[in-house]
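**Q** Input: one structure, supplied below.
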Amino acid sequence: MDLENIFRVGMTREETFQVAEEHAAAHVGSGGSRVLATPWMIAFMERVAYRLLAEHLPEGESSVGVLVNIRHLAPTPVGTSVRVQAEISAMAGSKVTFAVQAWDHVENIGEGYHQRVVINEARFLRRVEAKR
């Protein structure tokens, strides 16, 4: 599949997430505070990138995350919201690279790059099953 027929560099998706108790560093075990945990910020970024691809891929195709390079820049308290944007910054074969950013109501709280690989779901699940 030629991804350049479906996607283009510069395509974006943006979503807003509410920071709940289960997203807190204290709850996850990655810190002791009631602030957005880094693993959850990264998960929100991956989710937005995944959904950008998913809304355009043909049936039977999906994507998996293969790389994250993210900086968590500032704390965000539980009870506030986070706006996340994923922008396609490069494509090579089945790999799609995203510039990702996150903001709370005050400032940029995270940024970096995330890479996903477009896969055929049936072939991927056969590989998973072979490992059982």
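**Q** Restricting the search to the range 97-123, which residues are surrounded by 15 or more Cβ atoms within 10 Å (Cβ to Cβ) and more than 20 Å from Asn5 (Cα to Cα)?
**A** Keep residues of the range 97-123 that are surrounded by 15 or more Cβ atoms within 10 Å (Cβ to Cβ), which gives 97-104, 109-119.
Selection gives Ala99, Val100, Gln101, Ala102, Trp103, Asp104, Ile109, Gly110, Glu111, Gly112, Tyr113, His114.
**Q** State yes or no: is Asn69 loosely packed, with under 13 Cβ neighbours inside 10 Å and under 14 Å from the mean Cα position of the chain (by Cα)? Before you say what the answer is, go through the steps one by one.
**A** Working: loosely packed, with under 13 Cβ neighbours inside 10 Å: yes; under 14 Å from the mean Cα position of the chain (by Cα): yes.
Yes.
**Q** Evaluate the following for Ser94: is it closer than 24 Å to Met1 by Cα, of a type in the set (S, T, N, Q) and crowded, with 18+ Cβ neighbours inside 10 Å? So that I can check it myself, show each step before the final result.
**A** On the way: closer than 24 Å to Met1 by Cα: yes; of a type in the set (S, T, N, Q): yes; crowded, with 18+ Cβ neighbours inside 10 Å: no.
No, not satisfied.
**Q** Here is a further query. Condition (residue is in contact with a strand residue (DSSP E or B) (Cβ under 9 Å, 6 or more places away or on another chain), among the hydroxyl-bearing types (Ser, Thr, Tyr), within 13 Å of Ile109 (Cα to Cα) and in a strand (DSSP E or B)) applied to the range 66-88: is it met by at least one residue? Don't jump to the end; show me each part of the working.
**A** We begin by selecting, within the range 66-88, every residue in contact with a strand residue (DSSP E or B) (Cβ under 9 Å, 6 or more places away or on another chain); these are 66-88.
Within this subset, residues satisfying the condition of being among the hydroxyl-bearing types (Ser, Thr, Tyr) are 76, 80-81.
If we keep only those that are within 13 Å of Ile109 (Cα to Cα) too, we end up with 76, 80-81.
Right, trim to in a strand (DSSP E or B) and you get 81.
Within the range 66-88 (the criterion being in contact with a strand residue (DSSP E or B) (Cβ under 9 Å, 6 or more places away or on another chain), among the hydroxyl-bearing types (Ser, Thr, Tyr), within 13 Å of Ile109 (Cα to Cα) and in a strand (DSSP E or B)), the answer is yes, since at least one residue qualifies.
**Q** Those residues that are among the aliphatic types (A, V, I, L, M) and assigned to a loop (DSSP other than H, G, I, E, B), I need them from the range 1-18; list them, please. Steps first, please.
**A** Of the range 1-18, the ones among the aliphatic types (A, V, I, L, M) are 1, 3, 6, 9, 11.
Met1, Ile6, Val9, Met11 - these are the residues of the range 1-18 that are among the aliphatic types (A, V, I, L, M) and assigned to a loop (DSSP other than H, G, I, E, B).
**Q** Let me ask you something else. Please work out which residue is farthest from Thr97 (Cα to Cα), limiting yourself to the range 1-32 and to residues that are modelled with pLDDT of 95 or more and polar (S, T, N, Q).
**A** By that ranking, first place goes to Gln18.
**Q** Is it the case that the range 45-64 has a residue that's farther than 17 Å from Ile119 by Cβ, polar (S, T, N, Q) and within 19 Å of the chain's Cα centre (by Cα)?
**A** Looking for residues that are farther than 17 Å from Ile119 by Cβ, polar (S, T, N, Q) and within 19 Å of the chain's Cα centre (by Cα), one finds none in the range 45-64, hence no.
**Q** May I pose another question? Could you give me the residue pairs with C-beta distances under 9 Å whose first residue belongs to the range 9-20 and is touching a residue at least 12 places away in the same chain (Cβ under 8 Å), whose second residue is surrounded by fewer than 16 Cβ atoms within 10 Å (Cβ to Cβ) and charged (D, E, K, R) wherever it lies, and which are 6+ apart or on separate chains?
**A** The qualifying pairs are Arg13/Arg51; Arg13/Glu55; Glu15/Arg51.
**Q** Can you tell which of Val48, Val35 is within 15 Å of His23 (Cα to Cα), surrounded by 15 or more Cβ atoms within 10 Å (Cβ to Cβ) and β-branched (Val, Ile, Thr)?
**A** Checking each option against the conditions leaves just Val35.
**Q** Tell me which of these Gly31 doesn't satisfy, since it passes every other one: (1) in a loop (DSSP other than H, G, I, E, B); (2) touching a Lys or Arg at 6+ places or on another chain (Cβ under 7 Å).
**A** (2)
**Q** Here's something else I'd like to know. Output the qualifying pairs, or none if there are none: Cβ atoms under 6 angstrom, residues six or more apart or on different chains, first residue in the range 21-34 and free of Cβ contacts under 8 Å to residues at least 40 places away in the same chain, second residue assigned to a loop (DSSP other than H, G, I, E, B) and loosely packed, with under 10 Cβ neighbours inside 10 Å.
**A** Ala26/Gly32
The values are calculated or read from the model by the stated rules, or taken from the named source; none is laboratory data. Quick caveat, the model's predicted, so the values are computed rather than measured. We place every Cβ from the backbone using ideal geometry, glycine too, and count neighbours over all the protein chains shown.
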